[in-house]
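These notes are about the structure you will find just below.
The values are calculated or read from the model by the stated rules, or taken from the named source; none is laboratory data. Fair warning: this is a prediction, and the values are worked out from it, not measured in the lab. Backbone-built Cβ (ideal geometry, glycine too); neighbour counts: all protein chains shown.
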Amino acid sequence: MSDSKKTHNSFKALFLDAVLFIAAVAADQYTKVLIRNKLPERSFIDLIPEKLQLYHHENTGASWGVMQGWTIFFIVVALIVSTALCILLYRLPQDKKYIPMNIIGTLILSGAIGNTIDRIMKGSVTDFIYVKWINFPIFNVADIYIVVATITLLFMILFYYKDEDLQFMDFLFKKNTASDKQDTEGD
């Protein structure tokens, strides 16, 4: 592939990533604003009686309310994860087989940034989807992006991508040095 074609594809991929990212974060933030404006905190609306509720909860912790008040910690972790995702998305090969990974990475990034916006602006995350019949933690749209995309990524790595398809991520792992090669050759 020529350099001009590769550059064009990179720009196009970056543009599409940006559109998906902005749309996903906007949808997350819009749903949270709706809940905050229409449903008082700790009140609910039954969508499916005894099964599914819109339940307004301001969460300063993680799932199941653990680590309450660790806002700065969650912001730092989200920014580190977001930076790593941006690097991975940048290094992702411009090949059709990586489109699912590109979408997955962008959705995880969108979810992390969506919840980080809440933590920075309000000191808590607005959660509002409650699956009552299994007493699942209350969650939001950003959480859906993160969970669904992460599960999909695991399946893609296990059943779709081969080891050589993931070599672009080698910078994340320790490279073999000359001494490592000598150690393995001597065994």
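Odds and ends about this structure:
- From the list Val141, Val125, Val147, the one residue that fits, being in contact with a strand residue (DSSP E or B) (Cβ under 9 Å, 6 or more places away or on another chain), surrounded by fewer than 19 Cβ atoms within 10 Å (Cβ to Cβ) and either of a type in the set (A, V, I, L, M, F, W, C) or at pLDDT 90 or above (or both), is Val147.
- In the range 46-64, the residues that are free of Cβ contacts under 8 Å to residues at least 24 places away in the same chain and surrounded by 12 or more Cβ atoms within 10 Å (Cβ to Cβ): Asp46, Leu47, Gly61, Ala62
- Residue check for Asp127: charged (D, E, K, R), in contact (Cβ under 8 Å) with a residue 24 or more places away in the chain and in a helix (DSSP H, G or I): no
- Qualifying residue in the range 46-55 (condition: more than 21 Å from Ser124 (Cβ to Cβ), outside any loop (DSSP other than H, G, I, E, B), at pLDDT 90 or above and acidic (Asp, Glu)): yes
- The listed residues are Ser82, Ser110, Ser124, and the only one of them that is more than 21 Å from Leu158 (Cα to Cα) and in contact with a Ser or Thr (Cβ under 6 Å, 6 or more places away or on another chain) turns out to be Ser124.
- Residues of the range 149-163 satisfying the condition of being β-branched (Val, Ile, Thr) and under 9 Å from Ile108 (Cα atoms): Thr150
- Residue that is nearest to Glu164 (Cα to Cα) [pool: residues in the range 65-119 that are assigned to a helix (DSSP H, G or I) and of a type in the set (S, T, N, Q)]: Asn102
- Search result, residues across the range 130-153 that are in a helix (DSSP H, G or I) and either β-branched (Val, Ile, Thr) or over 20 Å from Val77 (Cβ atoms) (or both): Lys132, Trp133, Ile134, Val141, Ile144, Ile146, Val147, Val148, Thr150, Ile151, Thr152
- Among all residues of the range 23-40, there is at least one that is within 16 Å of the chain's Cα centre (by Cα) and among the β-branched types (Val, Ile, Thr).
- Some residue of the range 7-14 being assigned to a helix (DSSP H, G or I), at pLDDT below 95, under 29 Å from Leu158 (Cβ atoms) and of a type in the set (A, V, I, L, M): yes
- Residue count for the range 88-100 under the criterion of being among the aliphatic types (A, V, I, L, M) and free of Cβ contacts under 8 Å to residues at least 12 places away in the same chain: the result is 1.
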